[in-house]
Every structure is written in structure tokens, then in C-alpha cells.
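In what follows, a single structure is set out as C-alpha cells and then discussed.
Each value in this text was obtained by applying a stated rule to the coordinates, not by laboratory testing. Note that this is a predicted model, so its numbers are computed, not measured. Cβ sites come from the backbone with ideal geometry, for glycine too, and all protein chains shown count toward neighbours.
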Ligand SMILES: [Zn+2]
């Protein structure tokens, strides 16, 4: 079984505009697979033998909460189709400046949604800022998983602050019991070798969506090879990665006896599915 812990796809009506914005943000550095729609994404998953995927949305403004929650609910209820209900695990996103932040987190948990996606650059906050720690404490109390962008982002090529290993460590030292997944192998691109290892004792997970441009850098290879099996979640950041290659890359650096945990077991445990 294969679960992709980090993917992006959109309802048909919003996909063209959402994809155009994302493609602009990558400044020509990444090529997208498909057209960004759920339908196309589900076709890709079936073609490549991927059983389930977490679809991550980002609230770039507090006002987006309602529409994002509607989409997440529609996936879960089957309104977006039977395949979407069966194969997609929708994550929600909240904006740290949302005046109704705490009530909205409760609503997310009540809707049965398993996780929250955050992106400090797009949402203009820092993980080491004590102002946002009450949000993370509530997320931990509700038993939700955080999937957070970490480190370098092609849309913000000059930024290595806000969500690098140091900032993640500050958050996890101050918010106990948080299930925190640091995307892109903890953001290892752009930091000193072994910087991400600071997160090992703090209980963080990493996802393997390192993107093809970083696949054969020493630090990414070392990390995916040497981190404890139970802390690594297979992920692709689809539509920016071809499944077959992402799967082959992870298999290349992990022993076959780790595959079950990395490709699905850890995700199932974290998500309770
Ligand atoms: Zn992503």
C-alpha cells in the first residue's frame, strides 16, 4: 500500500486559476504533471498504484476558511465523487491571523478532518514566534496532525528563516505532544549538513517530498537513508513530481524491510486510518 502524505489538487472550477498561480510562483523551476484537478490526480494515482493521498490546501487569507472547509467536507462526504472519498485524505488550513482561529480549529476536528497544512511564507508567520504557539497547542489538544512547509521554497528563493530546523525546534520545545510533519525532509536544502537532526529528539516527522531538484544532494540522500524508519513519511508534493521516480528514489535509499512503514504504515498510524 502507498500513501502520499503531501499532494496538491483542486476542484475542477478552481484548478486552472490555482495552477496558473502556482506555476508562476515556481518561476519556471518546476514542471507540473497534469492539470491540477482532482479527476486528473486520481487518474495518476490509479495509474501509478498510489492508494491514498493527503491533499493539502493553504489558507493564504483568514477569509478562505469557509471555502476550504467546504471542499474538505465535500471530499469526505462523496460529493466530489466516490473515488475522491475513498482515495483522498483532505487536510484543512487555518490562517494564524484568523479572528475565529480557535473555533475554526474545533470545527475542523468536529468535521473529522485529520490534519492542518501550514506554510509560514505564504501565511506570513514564524514557527518560533510565541504568538502562534497557542494555535499549535490547540491543534495538539484536538489530536490533529500538522503538515508544515519547511525550509527553501522556490516561490521565496531568498528565505531560509521562519520554518527551518531552528524555528521548528523552537516550536517543538515549547508545544508538547504536537504531531508535526516537516515537509521536504525538514527543509534540508540550504542549511548546514545535519541541521535537521536537531528535530530527532523533539519527535518531528519528515516527509520525503524533496522534489527532483534535490534528490541527489548529499544531505537529502543521507537523511532519507539514515533517519529512523518510523519518522519518515513517503510524500511527493504532486503535481511537481512523477510518482514512479519519487517511489524509486525512496526505495533506493531504504532497505526493503522499511518500505511498509515509510510508504503507508507511519501515515496510517498518524492519521488513524
Ligand atoms: Zn507542497
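Rank by packing, highest mean first: peptides 127-134, 204-211, 6-13, with packing defined as the count of other Cβ atoms within 10 Å averaged across residues.
Ranking, from highest mean packing down: 204-211, 6-13, 127-134.
Roughly what % antiparallel, to the nearest 5, for the DSSP beta bridges in the chain?
5 percent
Between residue 31 and residue 244, what is the spin-label point distance in nm, taking each point 7 Å from the Cα along the Cα→C-beta axis?
1.4 nm
State, as an integer percentage, the relative contact order of the range 3-271 based on alpha-carbon contacts under 8 Å between residues 6 or more apart.
19 percent
Can you give me the relative contact order of the range 7-56 as a percent, contacts being Cα pairs under 8 Å and 6 or more apart?
50 percent
Just want the ordering: 60, 71, 39, from fewest to most Cβ atoms lying within 10 Å of their own Cβ.
Fewest-to-most ranking of 60, 71, 39: 60, 39, 71.
In deg cm²/dmol and to the nearest 500, what is the mean residue ellipticity at 222 nm of the chain if only DSSP H runs of at least 4 residues count, each as -39500 (n - 2.57), divided by the residue total?
That comes out to -10500 deg cm²/dmol.
Could you list 33, 113, 168 so that the one with the fewest beta carbons within 10 Å of its beta carbon is first and the one with the most is last?
Least crowded to most crowded, the residues run 33, 113, 168.
Would you mind ranking 148, 213 by Cβ crowding within 10 Å, fewest neighbours first?
213, 148
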